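Shown next, in C-alpha cells, is the structure this report addresses.
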Amino acid sequence: MPIKNEEKVMNIRAVIFDFDGTLADTRKAIVTAKQATMKNAGLEVKDEETCASTIGLTAKAGFLKLYPGIREEILEDLVAEYRRRFDEQIKVMPPERFDGVDEVLAKLKERNIIITIATARNRKSLLEFLDGWGMREDFQYILCGEDTERLKPYPDPVLKTLEELSLQPEQAIVVGDMPVDVMMGKSAGTFACGVTYGNSDRESLLAAGADFVMDSIRQLPDLL
C-alpha cells in the first residue's frame, strides 16, 4: 500500500514541503561533504547511513547528533568547513529535483493550493538552488533555518507558516522524508505525509505519526 490511509485529506489549502530529500536529491553532496569534513578534522568518519540520518537538521545540530558532547568551538569549525565543502561539492555533483516534482507543483498551482517550504537549510543556500532552477516564484512562502529559534521536530516553523498565511492547522499538510518532518507537522496540528524516496523508510515515518506515506511525489495530488 503506497498510502497509509485511504481516506483523502479534505479542505487542504496549503502544502508545506521539506526541501532536502523531498523536493531535491541532495544526499550524495551532503554525505560526501560531511565525511570530508570529519576526515579533515581527524574525527571518526561516519558511514553514509549515519550521515544521512542527520539530513533535515541544521549543520550544527547534525554534527552534534553525530558527536555528542563535542566542544562548541570545534562544532563551529565543523559547520564552517562543511558549508565550504558542500558549496564545492554541488559544483561537481549538483543536486537534482526528484522525478515528478515539477509536474506536482504545477497541478497544485492549478488547484490554487498554496505551496511553501519549511527547511532547516540556510536561506542563502536554498535560494541559490531555487534561483538556479528558476523556481523561487513557485513558492508563496519560504521558511529557512534562520527564521525560527526552534526548528524541526518542534512545531515552530509550521506555526509561523500558518500564521503568515492566516490558515488553521487542519488546512495544511506537511510533506517530508524524515521523521522530524512528520513530528513537526503533527505537533503543530497539521496533517503529515512521509515520502519513502528520500532518506528514511516507511516504518520510521509511520512510527513518527505520519497520516500518509507515499513512494512517489506524484501521488500527492490524488491524496488531497
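No lab work stands behind these numbers, since they all come straight from the coordinates. Just so you know, these numbers come straight off a predicted model, no measurement behind them. Glycine also receives a Cβ, built like all others from the backbone with ideal geometry; neighbour counts cover every protein chain displayed.
The label-point distance for Asp222 and Glu96, in a model that sets each label 7 Å from Cα toward Cβ, rounds to 2.4 nm.
Of the peptides 36-48, 148-160, 165-177, the order by per-residue mean of other Cβ atoms within 10 Å, starting with the highest, comes out as 165-177, 148-160, 36-48.
Out of the DSSP beta bridges found with both residues in the chain, what percent are antiparallel (nearest 5)? Of all bridge pairs located within the chain, approximately 10 percent are antiparallel. The computed Rg/Rh (Cα atoms, Kirkwood Rh) for the structure shown corresponds, within (i) 1.01; (ii) 0.96; (iii) 1.10, to (ii). Long hydrophobic helices in the chain, taken as whole DSSP H segments with a C-alpha length of 20 Å or more on their own axis and mean Kyte-Doolittle hydropathy at least -0.5: 27-41. Summing Lys and Arg as +1 and Asp and Glu as -1 over all other residues whose Cβ lies under 12 Å from the Cβ of Pro157 gives a net charge of -4. With springs only between Cα atoms under 10 Å apart, run a GNM on the chain and tell me which of Phe139, Phe17, Phe191 wobbles the most. Taking springs between Cα atoms under 10 Å, the residue moving most is Phe139. Cα centroids of region 134-162 and region 20-77: 22 Å apart. With a cut-off of 10 Å between beta carbons, the residues surrounding Gly185 carry a summed charge of -1, where Lys and Arg count +1 and Asp and Glu -1. For the pair Glu137 and Lys39 in one chain, pulling the backbone fully straight at 0.36 nm per residue adds 31.4 nm over the alpha carbon distance.
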